[in-house]
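Read the structure below first, then the notes.
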Amino acid sequence: MRTINHWLNSPWRRSAVAALAGALPVLAFPAPSLWWFAYVALVPWILLIRSAPTGRRAVYDGWSGGFGFLLAVHHWLLPSLHVFIFLIAALLGVLWAPWGWLVRRYLGEQPSPGRGAVALLVLPSAWLMVELVRSWQGLGGPWGMLGASQWQVSPALRLASVGGVWLLSFLIVAVNVAAAVLISVREARVPAVASLVATAAATSAAWAWAPRPEVDGRVRIAVVQPGIMDGGLKRFDREEQLTRQLVGQHVDLVVWGESSVGFDLGDRPDLTRRIAALSRATGADVLVNVDARRSDRPGIYKSSVVVGPNGLTGYRYDKMRLVPFGEYIPARSLLGWATSVGKAAGEDRRRGTEQVVMNVGHGLRIGPLICFETAFPDMSRHLAEDGADVLLGQSATSTFQGSWAPEQHASLAALRAAETGRPMVHATLTGVSAVYGPGGQRLGPWLGTDASTARVYDVPLAHGITPYVRYGDWPVQGALLVLAALCAAEGLRTVRLRRSGPEPLVPPARTVHESPARPGR
């Protein structure tokens, strides 16, 4: 142990180890999908921070670990952003600096049982604040939230219906903190064990209490995935060919992926007529996605558009949350040079202003989301509140074929379905496409990145309101209250210490009987 501590005395070596420790949770996400690893993945990072000689060093350990975490979960962006991804990870890694300080504050040296118990509540709350801040779309959105690693675990999906992905993240961090305490802090093992027992009891109670979605009907939804095509017209032709294969299969809706139409349908009535003919042939409306310059207003939009047997139905949703650098460049006047380094947007896309629930026939109401937006739990929750029967994500990850991104993106739809109690369809141009039931369970096989096909899914419908839809992000609000109480307690503690401190030292008062000594006497 002394040898290790001596080796870690080098700030650069210690920072490198912290970055590696922070990167470990990426193994819990697809493609590795070692979901169980999430419950211990933070332990090495916590133990390293706990050993920091000073609070300042703990701040650096938190920052370095955050850098490693962000770089790992976004590593697939490296071919697009090049060196810029390192700058982004370094800037956003600062968010974990206060978390590092809190780890040492409550677990450093020889913490008392009380400090250990407080850590089991404070550290998960502080982690949620990090996830909350970095979930802002301008900072890259909520990609790689710890709770999202549990997308294929049925009990976790039930908990997501209670408190969303936020509740899962809180529980995962709490278990990691308890494991770190059990390993390294003998004095606080009792509260750590008690915390694990309480977490298990609360989880079991929530799992038993959470209402199960009650299926009250089914619809047949077809996903059209053309695969990689060179050119917009070739892709359109392939989508048309695949859609014609659905004739006679009694589908209720046909879904194409993001950017499936590269021309504004207002300017291309010939394409609109071809899609309308497909709608008549299949007996279902077709939800396409247009990525083009609008004919009725300036700028390029990404839009979900419904085409029926008679042409455009009037339903249109313009993407609201755009991908930084991919679809627009923040502060383009300052950062426009990014277009010369990576595959950044040459021209900013325009934003939509509101979410839309669409009627697509057969009494079906759908709530579209476009690509990046499926990562935001609040957007799917609002669509469920507005009466959507089915959530639909249209995506395109062709730039990242061969990376972990397509699988991880497809997995997010399971969380959105479980949170809202609504089935979700994740349709892409090039895979991975996936469909999930109202409890987050996978329906049928994924369409992988090597598939060019159309597949029909029998999708169960469910209604009712999940606790998460009803109460929203209450775990985040609870974490804020915990941290507010912590700040208040620390403030009172500081005041008491100042009042009970020793009296300041002052020279004794001179009496009339005393006279100063004279020099030489």
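List of remarks:
- Count of residues meeting criterion [farther than 17 Å from Val175 by Cα and in a helix (DSSP H, G or I)] in the stretch 101-130: 6
- Qualifying residue in the stretch 134-143 (condition: of a type in the set (A, V, I, L, M), assigned by TED's automatic domain parsing to the domain that holds Gly62 and under 26 Å from Glu373 (Cβ atoms)): yes
- Flag for Leu24 being at pLDDT 95 or above, touching a helix residue (DSSP H, G or I) at 6+ places or on another chain (Cβ under 6 Å) and of a type outside the set (Ser, Thr, Tyr): no
- Top-ranked residue in the stretch 134-155 [being aliphatic (A, V, I, L, M) and surrounded by fewer than 24 Cβ atoms within 10 Å (Cβ to Cβ); ranked as farthest from Leu71 (Cα to Cα)]: Val153
- Test: Gly439 is touching a residue at least 24 places away in the same chain (Cβ under 8 Å) and either assigned to a loop (DSSP other than H, G, I, E, B) or of a type in the set (S, T, N, Q) (or both): yes
- Of Arg422, Arg455, Arg351, all but one fail to be closer than 16 Å to Arg220 by Cβ, of a type in the set (Lys, Arg) and outside the structural domain of Leu81 (by TED's automatic domain parsing); the exception is Arg455.
- Where Trp96 falls short, out of the listed (1) within 21 Å of Leu20 (Cβ to Cβ); (2) in contact (Cβ under 8 Å) with a residue 60 or more places away in the chain; (3) touching a Phe, Trp or Tyr at 6+ places or on another chain (Cβ under 7 Å); (4) surrounded by fewer than 22 Cβ atoms within 10 Å (Cβ to Cβ): (4)
- For the stretch 51-64, residues that are buried (at least 24 other Cβ atoms within 10 Å of the Cβ) and closer than 13 Å to Ser184 by Cα total 0.
- Note on the stretch 151-188: residues that are touching a residue at least 40 places away in the same chain (Cβ under 8 Å), more than 27 Å from Leu412 (Cβ to Cβ) and assigned to a helix (DSSP H, G or I) total 7.
- Helices (runs of 4 or more DSSP H) contained entirely in the stretch 26-84, each with at least 2 residues that are within 18 Å of Ala179 (Cα to Cα) and within 16 Å of the chain's Cα centre (by Cα): none
The values are calculated or read from the model by the stated rules, or taken from the named source; none is laboratory data. Computed from a predicted structure; not experimentally measured. In this analysis, Cβ positions are derived from the backbone assuming ideal geometry, glycine residues included, and neighbour counts consider all displayed protein chains.
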